[in-house]
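One structure is given below, represented as structure tokens, and several questions about it will come after.
Please treat every number below as a calculation from the coordinates, not as lab data. Computed from a predicted structure; not experimentally measured. Here Cβ is always computed from backbone atoms with ideal geometry, including for glycine, and neighbour counts include all displayed protein chains.
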Amino acid sequence: MGCVEVSFENSRRRPGQPGKRFGLARILSKRGLCSRTQAAEWIRAGRVTVAGRCILDPEQGFPLDQDAIAVDGVAAPLTSRRRVLLLHKPRGYLVTRHDQHGRRTIYDLLPDGDWLAPVGRLDQASSGLLLLSNDPTWAQTILDPERHVPKKYHVQVRPPLAAEQRAYLAAGVVLDGIRYRPVEIRELRCGGKTQWLEFVLQEGKNRQIRRLLESQGCEVLRLIRVAIGTLTLGDLAAGQWRELTPTEIDRLSS
């Protein structure tokens, strides 16, 4: 059945609640599911329903405590505590909820029912530590380069990157009109034709490490994010996840 825009003049309210209405995109944002901009995109794409009916207008008004709101069939809770999951993303999985080609996504590995959005990205060929949260405001503080939350990666390259090349990239460069901030680079080990490097970034531009290395004629064979701030992968196996404790979340935020 196609998605049609409908009016909800008689939308349900809970007894005793005032009649003030808010735009649907704002309601989703206030519930900590996503940013207001992201919510508007979901609504226009026909992914949001209220009481089983599809809404296409992000500004259509409802009570703040409107129940029976769902995104992709998953109920949007009225309130939610901040949740943060640490996933060991395997290589070959996409960081997206839907893929039109039917490829595997990280949501195939996560529990059903709760709406959690990725905090940053790892491309399909990369693996390692990926955070997901239901609090977009908190997530943005982790991604903000001005807060200097370090992201640590172990990268296997071919051929090895010479010391002078590492120093050049570490100082910060401009590639194709994009300025990359200084990074930390050190050699972990070198096995002749291949080499393992450690990168520590303070920002996370799209495919940053791959582009830096490609500019020096290096092919990336493996790219694994091993730490974000005080968090490490530890012994978490690929494809497994765990929920962060309040203490771990506070340490990341401080």
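Can you list which of the trypsin sites (Lys or Arg not before Pro) found in the range 163-203 are DSSP loop residues with at most 12 other C-beta atoms within 10 Å?
Details: sites: Arg166, Arg179, Arg186, Arg189, Lys193; in loops: Lys193.
Taking the range 163-203 and a limit of 12 other Cβ atoms within 10 Å, the loop trypsin sites (Lys or Arg not before Pro) found are Lys193.
With +1 on the Cβ of every Lys and Arg and -1 on the Cβ of every Asp and Glu, and nothing else charged, how large is the dipole of the range 143-254 about its Cα centre, in debye rounded to the nearest 20?
300
Against the 2.2 N^0.38 Å scaling, with N counting residues, where does the range 21-75 land? I'd like the Cα-based Rg ratio to two decimal places.
Against the compact-globule rule of thumb, the ratio is 0.93.
Now, a different point. Go from 0 up to the bin containing the longest alpha carbon distance in the range 97-254, width 10 Å each, and give me the % of pairs per bin.
Spelled out per bin, shortest first, that is 9, 37, 34, 18, 2, 0.
A follow-up question, please. For Thr96, what residues show an amide H to amide H distance below 5 Å, using hydrogens built from the backbone and excluding near sequence neighbours?
Ile106, Tyr107
Please list, ordered by chain and number, the residues whose modelled amide H lies under 5 Å from the amide H of Asn134; skip anything fewer than 5 residues away on the same chain.
Answer set, sorted by chain and number: Arg83, Ala117.
If you don't mind, another one. Could you compute the net charge surrounding Arg26? Neighbours are other residues with a C-beta less than 11 Å from the C-beta of Arg26; K and R count +1, D and E count -1.
Values: positive: Arg21, Lys30, Arg31, Arg36; negative: Glu59.
Combined, the nearby Lys, Arg, Asp and Glu give +3.
Within the P(r) computed for the range 153-197, what percentage of the Cα pairs occupies the region above 15 Å?
Every Cα pair in the range 153-197 considered, those over 15 Å come to 47 percent.
Taking the mean number of other Cβ atoms within 10 Å as a proxy for protection, how do you rank 197-205, 94-102 from highest to lowest?
Working: 197-205: 17.9, 94-102: 12.4.
Ranking, from highest mean packing down: 197-205, 94-102.
Report the charge-dipole magnitude of the chain in Debye, nearest 20, computed about the Cα centre from +1 at each Lys and Arg Cβ and -1 at each Asp and Glu Cβ.
So the magnitude is around 100 debye.
At q = 0.25 Å⁻¹, what log₁₀ I(q)/I(0) does a Debye calculation on the Cα points of the range 150-228 give, no solvent, two decimals?
-1.33
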